[in-house]
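The values are calculated or read from the model by the stated rules, or taken from the named source; none is laboratory data. Given the structure is predicted, the values throughout are model-derived calculations rather than measurements. Counting neighbours? That spans all protein chains shown, and the Cβs are built from the backbone with ideal geometry, glycine included. Calculation scope for accessible area: heavy atoms of the full protein, side chains included, ligands and nucleic acids excluded. Shrake-Rupley method; radii C 1.70, N 1.55, O 1.52, S 1.80 Å.
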Amino acid sequence: MQKHLSWTRNRSYKRAVTCFILALSVTYSCVACTQPSENTTTPISPSSQPLSDSYRNTGDELKTINMAVIPWQVSAEQEKQLQPLADYLSKTLGKPVKFQITKDYDTSIDLLVKGKVEMAFLGPLSYVKAHLRDPQLKPIVAPIERTTGRPWYTSTIVVNNASGIKTIKDLKGKRFAFVSKSSASGYLVPLAHFQDIGINPERDFATVKYAGSHDKVKADLLAGKVDAIADDKRSYLQQQKEGNIDPSKYKIIWESDPIPLSPIVVSSKLPSQLVIDLKKAFVHSPEGLLDPSGSESAGYTLVEDRDYTPIRKLQERLKLK
């Protein structure tokens, strides 16, 4: 079945919301965007007024905003890259914002669901999992992919050329690594594609590994521990751009349809005005700041729960917990 992609592009991404009106076919989803309606998330209007002081220095218990971040890269490097964003948010909101890079996806989910952090940067699938446990959680914004200018990214399958793998079918009998069972691009989406073409990784691959992060899954490929991996295309190309991956030795043999980008999710316990101010802070963030994954972005756009319907339907289809 031919898959179609249709987007309506706004000229100013920092002042606009690109909404997803999505439908999922038996094989996968088609991602479409329509003009905003009264039921569609609308952009935060620019304002010359400072952010609200209603929650600042009033003796409220919330003195610091803590944010869990799924591990996308090596933690030390990711923490260093995120400090300018933390500094910007702290200054804009008038209270410290601290990022906590977790050891794995599920830890970020647990911290948010159990109320140990006020917000979290989650992958699309990890957000869906968190929302199942706490339906009051709200996604507020997602980064805009710099290379596409859209709030989506893609999953890829990358192989070592020395393995002789040229097509998806050639993966049979080879060593394969996913990122995490809570990763959309590193597990859910490629797994759905495998199912579509009749491949069962546990049965058909020589070994199946779960590396834990996008950085670690690439490290396993480079170290020769596996023959092929599932990965986020942005992350893979960034490592290639930085000279860590030799394009003559590794190649992408498959790329998915668009996946809605990872959301920043807030606890329902946050004051409503603080949530509004968080949205403003992200949407009006200055150029040059890396997003929480450590990737270059073109700012942020507002998102809502229904934007992740395709991920939820894939999860249901594959009967994943």
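In the range 75-86, the qualifying residues are those that are open to solvent by 10 Å² or more (accessible area, probe 1.4 Å) and within 19 Å of G212 (Cα to Cα), and the one that is modelled with the lowest pLDDT is S75.
Scanning the range 264-278 for residues that are touching a strand residue (DSSP E or B) at 6+ places or on another chain (Cβ under 7 Å) and assigned to a helix (DSSP H, G or I) yields V275, L278.
Which residues, counting only those in the range 123-148, are β-branched (V, I, T), assigned to a strand (DSSP E or B) and either at pLDDT 95 or above or more than 19 Å from S185 (Cβ to Cβ) (or both)? Write out each step before concluding.
Restricting attention to the range 123-148, the residues satisfying the condition of being β-branched (V, I, T) are 128, 140-141, 144, 147-148.
Adding the requirement that they be assigned to a strand (DSSP E or B) leaves 140-141, 144.
Those that are β-branched (V, I, T), assigned to a strand (DSSP E or B) and either at pLDDT 95 or above or more than 19 Å from S185 (Cβ to Cβ) (or both): I140, V141.
Selection of the range 87-108 for residues being within 20 Å of S268 (Cα to Cα), open to solvent by less than 10 Å² (accessible area, probe 1.4 Å) and of a type outside the set (A, V, I, L, M) yields only S108.
Taken together, A211, A206 contain a single residue that is touching a residue at least 12 places away in the same chain (Cβ under 8 Å), under 23 Å from V69 (Cβ atoms) and either open to solvent by 10 Å² or more (accessible area, probe 1.4 Å) or of a type in the set (A, V, I, L, M) (or both), which is A211. Of all residues in the range 279-307, those being among the acidic types (D, E), surrounded by fewer than 20 Cβ atoms within 10 Å (Cβ to Cβ) and part of a loop (DSSP other than H, G, I, E, B) number 2. Screening the candidates K319, K241 for the property of being out of contact with any strand residue (DSSP E or B) (no Cβ under 8 Å at 6 or more places or on another chain), within 26 Å of Q83 (Cβ to Cβ) and surrounded by fewer than 22 Cβ atoms within 10 Å (Cβ to Cβ) yields one hit, K241.
If I ask for residues that are β-branched (V, I, T) and open to solvent by less than 10 Å² (accessible area, probe 1.4 Å), which ones from the range 155-183 would you list? Even if it seems obvious, please write down each step before you answer.
Of the residues in the range 155-183, the ones β-branched (V, I, T) are 156-159, 165, 167-168, 179.
Within the range 155-183, T156, I157, V158, V159, I165, V179 qualify.
As a summary of the residue check, W72 satisfies the conditions (1) open to solvent by less than 10 Å² (accessible area, probe 1.4 Å); (2) part of a loop (DSSP other than H, G, I, E, B); (3) under 27 Å from I199 (Cβ atoms); (4) modelled with pLDDT of 95 or more except for the one numbered (4). L111 fulfils the conditions (1) at pLDDT 95 or above; (2) under 21 Å from V266 (Cβ atoms); (3) in a strand (DSSP E or B) except for a single criterion, (3).
When you scan the range 240-262, do you find a residue that is in contact (Cβ under 8 Å) with a residue 60 or more places away in the chain, over 24 Å from D104 (Cα atoms), among the basic types (K, R) and not in a helix (DSSP H, G or I), even just one? Checked against the condition, which is being in contact (Cβ under 8 Å) with a residue 60 or more places away in the chain, over 24 Å from D104 (Cα atoms), among the basic types (K, R) and not in a helix (DSSP H, G or I), the range 240-262 yields at least one hit.
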